[in-house]
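This report concerns only the one structure given below.
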């Protein structure tokens, strides 16, 4: 068990890096993954409290990763630039904590992460 | 045509009829002459048959066997006749010898018989009386005097007159009497009391030929009328045949003309109807084609909008995040960072504007079937007005909204329609004017119109107002009205514009069958 609280998974480097910076700046321990497979490996090796993950990624997508996370599951916040009806439904059925449209307001994201982290404890 | 035909037929009828009548007249005249000759001959016969009596009386005396034999011979042939020898005594005449009923020797003659006997004495020829009455009988008498008889005596013959009996038994079998109805009067003019004989109904009217005949010193009148057409029944029928054939061919001709006319009218009406149908089909086809082309274009534009919109969402998100990081890196110590702060705000505002554009494009690209639900139109208008509040210089007038019963539609989409129409109107009025929202609902459809008192549109603009990416605004990408139109059409409705440059514009949305069924309302 590390002191890393949050995993950010996004294949888009700009989004990944800015999110990591924002969350770090807010005091969280943040780890990053650049695709779904790497995200799943990271989740299995660590106990993240919150995963902030893009839906559309190479390899496993965000919904696949959500389906395969073990127990105890972290709270998963999914992000999407494409409001695809099927993926949205699966995201909700897979017990995602929230689904957020890009672009989002940063303070709102921070609020979501905070409440997700609280939901774990 | 009917009048001309009728006139021609009538004229033909009159001409043929007068020709036939003329011919008939001529024949009737001829036949009547023949009858008159026959009658004259008959009267001559009478004179001849009375003559031997006179001779016998003169030579043998009134009681001689010759006279009696002759008298009986004359009455035997016609038992109703009476024949007598009369003698004058002063001014009176008495019967000397008689055969037949009614008279006996010693009887005195009086009245017409006495007068005719007196005339016979002075005349050398047969003389006759007019028809006279003796008791119930009507009689006519003839007398023949000297030189056939001895002076002072006369042969007197009286014959009962019964025209009706004569009519039943024709006087003669000779042809003129078959064809003619003849009446013989003992006077020169028509006088029913002097009627001696008829061979049929007394001829009085129509084509009657008259002939005067001298009998026994008097003038008798013969009236004759054809029993049947003398020219022959076919010839007599010719005028009527002409009339009948003329009229019936007229009727046939007019019927044919009317039939042809009706057929022509029907054919023309049919051609008109078919032409109208064809034109309607053609128009419909053109409209369908235009709609298909338009939809094709919309679909293409939608795909482009979706792709661009989605691709822009990621970089926009990155920019937002990066700006947040920049802002948090700037120390908030209130020392000379105003310019940086201002530029940060500008960047944030423009990123916000970009986000709005992207969402509009995605709205346009996102084709969604309307999800019908009952709703209150007045509420929906209130909601749209609170999302897009009117600028301070714009007055909002609501007409008829509160009388509209629950309507059915996709709440989200119809709210979008109202929002687009309202913001469009605000911009047209440049912050100053009257926005009128008017609604009415009848059995078939819901009408909602949104009017502004803004700049209005010219024809060119009005034509393109629903085209995607058409805009007159400095800002905006021109998808709002295209989205509006698509939503209305997804509700099977129509949207139209009425606009006058300088006065304003009205957008009218008509949605059929928007009324909520009774069960839903209850």
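The values are calculated or read from the model by the stated rules, or taken from the named source; none is laboratory data. Note that the structure is a prediction, hence the values are computed from the model and not measured. Using ideal geometry, Cβ is built from the backbone for each residue, glycine included, and neighbour counts are taken over all protein chains shown.
Within segment A:72-91, being out of contact with any strand residue (DSSP E or B) (no Cβ under 7 Å at 6 or more places or on another chain) and farther than 12 Å from residue A:54 by Cα holds for A:72, A:73, A:84, A:85, A:86, A:89, A:90.
Scanning segment B:102-150 for residues that are part of a strand (DSSP E or B) and closer than 19 Å to residue B:185 by Cα gives B:127, B:128, B:132, B:133, B:134, B:137, B:138, B:139, B:140, B:141, B:142, B:143.
Screening A:43, A:77 for residues that are in contact (Cβ under 8 Å) with a residue 12 or more places away in the chain, part of a strand (DSSP E or B), more than 23 Å from residue B:351 (Cα to Cα) and more than 13 Å from chain B (Cβ to nearest Cβ) leaves exactly one candidate, A:77. Determine whether residue B:378 is away from chain A (no Cβ under 13 Å), within 60 Å of the chain's Cα centre (by Cα), in a helix (DSSP H, G or I) and farther than 25 Å from residue A:25 by Cα. Judged against the criteria, residue B:378 is a match. Condition check for residue B:192 on (1) out of contact with any helix residue (DSSP H, G or I) (no Cβ under 9 Å at 6 or more places or on another chain); (2) modelled with pLDDT of 85 or more; (3) within 30 Å of residue B:26 (Cα to Cα): one failure, at (2). Go through the residues of segment B:478-489 one by one and say whether even a single one is within 24 Å of residue B:306 (Cβ to Cβ) and not in a helix (DSSP H, G or I). Yes: one or more hits.
This table checks each residue for (1) free of Cβ contacts under 8 Å to residues at least 12 places away in the same chain; (2) within 58 Å of the chain's Cα centre (by Cα); (3) surrounded by 14 or more Cβ atoms within 10 Å (Cβ to Cβ); (4) not in a helix (DSSP H, G or I).
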| site | (1), (2), (3), (4) |
| --- | --- |
| B:4 | yes, yes, no, no |
| B:13 | no, yes, yes, no |
| B:18 | yes, yes, no, no |
| B:25 | no, yes, yes, no |
| B:31 | no, yes, yes, no |
| B:47 | no, no, yes, no |
| B:52 | no, no, yes, no |
| B:56 | no, no, yes, no |
| B:63 | no, no, no, yes |
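Being modelled with pLDDT of 80 or more and within 10 Å of chain A (Cβ to nearest Cβ): is that true of residue B:300 here? For residue B:300, the condition - modelled with pLDDT of 80 or more and within 10 Å of chain A (Cβ to nearest Cβ) - is not met. Out of all the residues in segment B:349-358, is one or more within 30 Å of residue B:311 (Cα to Cα) and more than 14 Å from chain A (Cβ to nearest Cβ)? Within segment B:349-358, none of the residues are within 30 Å of residue B:311 (Cα to Cα) and more than 14 Å from chain A (Cβ to nearest Cβ).
Within segment A:20-31, the presence of a residue that is more than 12 Å from chain B (Cβ to nearest Cβ), surrounded by fewer than 14 Cβ atoms within 10 Å (Cβ to Cβ), out of contact with any helix residue (DSSP H, G or I) (no Cβ under 7 Å at 6 or more places or on another chain) and in a helix (DSSP H, G or I) is excluded. The combined condition, being more than 14 Å from chain B (Cβ to nearest Cβ) and buried (at least 20 other Cβ atoms within 10 Å of the Cβ), is fulfilled by residue A:36. Looking at segment B:438-447, can you tell me whether even one residue there is assigned to a loop (DSSP other than H, G, I, E, B), surrounded by fewer than 21 Cβ atoms within 10 Å (Cβ to Cβ) and touching a residue at least 60 places away in the same chain (Cβ under 8 Å)? The answer is yes, given that some residue of segment B:438-447 is assigned to a loop (DSSP other than H, G, I, E, B), surrounded by fewer than 21 Cβ atoms within 10 Å (Cβ to Cβ) and touching a residue at least 60 places away in the same chain (Cβ under 8 Å).
Of all the residues in segment B:477-508, those that are free of Cβ contacts under 8 Å to residues at least 24 places away in the same chain and surrounded by fewer than 21 Cβ atoms within 10 Å (Cβ to Cβ) number 6. Tell me whether segment B:281-294 contains one or more residues that are surrounded by 15 or more Cβ atoms within 10 Å (Cβ to Cβ) and either assigned to a helix (DSSP H, G or I) or out of contact with any helix residue (DSSP H, G or I) (no Cβ under 7 Å at 6 or more places or on another chain) (or both). The answer is yes; a qualifying residue exists. Apart from one condition, residue A:92 fits all of (1) under 23 Å from residue A:45 (Cα atoms); (2) away from chain B (no Cβ under 13 Å); the exception is (1).
Listed here are the residues, each with its yes/no results for (1) surrounded by fewer than 18 Cβ atoms within 10 Å (Cβ to Cβ); (2) not in a loop (DSSP other than H, G, I, E, B).
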{"site": "A:47", "(1), (2)": "yes, no"}
{"site": "A:56", "(1), (2)": "no, no"}
{"site": "A:63", "(1), (2)": "no, yes"}
{"site": "A:89", "(1), (2)": "yes, yes"}
{"site": "A:96", "(1), (2)": "no, no"}
{"site": "A:111", "(1), (2)": "yes, yes"}
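For first residues located in segment B:311-323 and more than 7 Å from chain A (Cβ to nearest Cβ) and free of Cβ contacts under 8 Å to residues at least 60 places away in the same chain, partners that are buried (at least 20 other Cβ atoms within 10 Å of the Cβ) and assigned to a helix (DSSP H, G or I) and lie 6+ apart or on another chain with Cβ distances below 6 Å form the pairs B:312/B:358.
Conditions (1) closer than 21 Å to residue B:4 by Cβ; (2) touching a strand residue (DSSP E or B) at 6+ places or on another chain (Cβ under 7 Å); (3) loosely packed, with under 13 Cβ neighbours inside 10 Å, marked per residue:
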| site | (1), (2), (3) |
| --- | --- |
| B:236 | no, no, no |
| B:243 | yes, no, no |
| B:247 | yes, no, no |
| B:253 | yes, no, no |
| B:258 | yes, no, yes |
| B:270 | no, no, yes |
| B:277 | no, no, yes |
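Selection of segment B:80-95 for residues being at pLDDT 85 or above and within 23 Å of residue B:51 (Cβ to Cβ) yields B:82, B:83, B:84, B:85, B:86, B:87, B:88, B:93, B:94, B:95. Looking only at segment B:327-344, filter to residues that are surrounded by 13 or more Cβ atoms within 10 Å (Cβ to Cβ) and within 14 Å of chain A (Cβ to nearest Cβ); which one of those is farthest from residue B:485 (Cα to Cα)? Ranking the qualifying residues of segment B:327-344, first place goes to B:328.
Within the set B:419, B:401, B:406, the sole residue that is surrounded by fewer than 19 Cβ atoms within 10 Å (Cβ to Cβ), free of Cβ contacts under 8 Å to residues at least 40 places away in the same chain and touching a strand residue (DSSP E or B) at 6+ places or on another chain (Cβ under 6 Å) turns out to be B:401.
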